[in-house]
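Accompanying notes for the structure given below.
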Amino acid sequence: QVQLAESGGGLVQAGGSLRLSCASSRITISFNRMAWYRQGPGMLRELVAAISRDGKVEYEDSVKGRFTISRDDTRNMLYLEMNILKPEDTSVYYCNALGWTQYWGQGTQVTVSS
């Protein structure tokens, strides 16, 4: 059973920064893709950013230029650097890994105050 553990969430003022981390119990190179999703209150879970095994990245339009996804396969870690945070970024952020099936972390709360 794969376990993904997020950390790094918290409360930050608008314009601030946070770095989310996701630790995987399985070697991350085994996953075809890893990603960050978020889900706000009463909202559907949405893709924020994704990175493939070969390093190809994609971002949701509203975070382009502000967020950076990266992975460190030597440490089995996934990261999300979030800058110029906005109140609308407030959500629970989930780590996701795609192998033979999908795996999800428990989520970490990010709250951006105006």
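The values are calculated or read from the model by the stated rules, or taken from the named source; none is laboratory data. Being a predicted model, the structure only gives us computed values, none of them experimental. Methodologically, a virtual Cβ is constructed for each residue, glycine included, from the backbone with ideal geometry; neighbour enumeration extends over all protein chains shown. Just so you know, the surface numbers come from the protein's heavy atoms only, side chains and all, with ligands and any DNA or RNA stripped out. Shrake-Rupley method; radii C 1.70, N 1.55, O 1.52, S 1.80 Å.
Among the candidates A23, A5, single out the residue that is touching a residue at least 60 places away in the same chain (Cβ under 8 Å), outside any loop (DSSP other than H, G, I, E, B), closer than 18 Å to G105 by Cβ and small (G, A, S).
None of the others qualify; the one that does is A5.
So which residues in the stretch 56-96 are among the hydroxyl-bearing types (S, T, Y) and either within 17 Å of S7 (Cβ to Cβ) or open to solvent by 50 Å² or more (accessible area, probe 1.4 Å) (or both)?
Those that are among the hydroxyl-bearing types (S, T, Y) and either within 17 Å of S7 (Cβ to Cβ) or open to solvent by 50 Å² or more (accessible area, probe 1.4 Å) (or both): Y59, S62, T68, S70, T74, Y79, S91, Y93, Y94.
Counting only residues that are within 19 Å of L4 (Cα to Cα) and part of a loop (DSSP other than H, G, I, E, B), which one in the stretch 41-55 is modelled with the highest pLDDT?
R45
Please work out which one of (1) closer than 23 Å to V112 by Cβ; (2) modelled with pLDDT under 95; (3) not β-branched (V, I, T) is the condition Y37 fails and give its number.
All conditions pass for Y37, except number (2).
What's the number of the only condition in (1) surrounded by 13 or more Cβ atoms within 10 Å (Cβ to Cβ); (2) in a strand (DSSP E or B); (3) of a type outside the set (K, R) that G16 fails to meet?
(2)
Can you spot a residue in the stretch 85-106 that is in contact with a Ser or Thr (Cβ under 6 Å, 6 or more places away or on another chain) and not in a loop (DSSP other than H, G, I, E, B)?
Yes; the residues of the stretch 85-106 include at least one that is in contact with a Ser or Thr (Cβ under 6 Å, 6 or more places away or on another chain) and not in a loop (DSSP other than H, G, I, E, B).
Under 8 Å between Cβ atoms, which residue pairs at least 6 apart in sequence (or on different chains) link something in the stretch 93-111 that is free of Cβ contacts under 8 Å to residues at least 24 places away in the same chain and more than 16 Å from E81 (Cα to Cα) with a partner that is of a type outside the set (S, T, Y) and surrounded by 15 or more Cβ atoms within 10 Å (Cβ to Cβ)?
Here the result reads Q102/N96, each pair linking the stretch 93-111 to a residue that is of a type outside the set (S, T, Y) and surrounded by 15 or more Cβ atoms within 10 Å (Cβ to Cβ).
Results for (1) charged (D, E, K, R); (2) without any contact (Cβ under 8 Å) to a residue 24 or more places away in the chain, shown as yes or no for each residue.
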{"residue": "L11", "(1), (2)": "no, no"}
{"residue": "R19", "(1), (2)": "yes, no"}
{"residue": "M43", "(1), (2)": "no, no"}
{"residue": "L47", "(1), (2)": "no, yes"}
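Select from the stretch 97-114 the residues that are more than 17 Å from V2 (Cα to Cα) and not β-branched (V, I, T) and list them in ascending order.
Of everything in the stretch 97-114, those that are more than 17 Å from V2 (Cα to Cα) and not β-branched (V, I, T) turn out to be Q109, S113, S114.
Of the conditions (1) farther than 17 Å from M43 by Cα; (2) modelled with pLDDT of 95 or more; (3) open to solvent by less than 50 Å² (accessible area, probe 1.4 Å), G99 clears all except one; give me its number.
(2)
Residue by residue through the stretch 1-31, note down the ones that are basic (K, R) and either touching a helix residue (DSSP H, G or I) at 6+ places or on another chain (Cβ under 9 Å) or farther than 19 Å from T74 by Cβ (or both).
Scanning the stretch 1-31 gives no hits.
Inside the stretch 26-43, can you point out the residues that are of a type outside the set (S, T, Y) and either closer than 17 Å to T111 by Cα or open to solvent by less than 20 Å² (accessible area, probe 1.4 Å) (or both)?
If the condition is that a residue be of a type outside the set (S, T, Y) and either closer than 17 Å to T111 by Cα or open to solvent by less than 20 Å² (accessible area, probe 1.4 Å) (or both), then F31, M34, A35, W36, R38, Q39, G40, P41, G42, M43 are the ones that fit.
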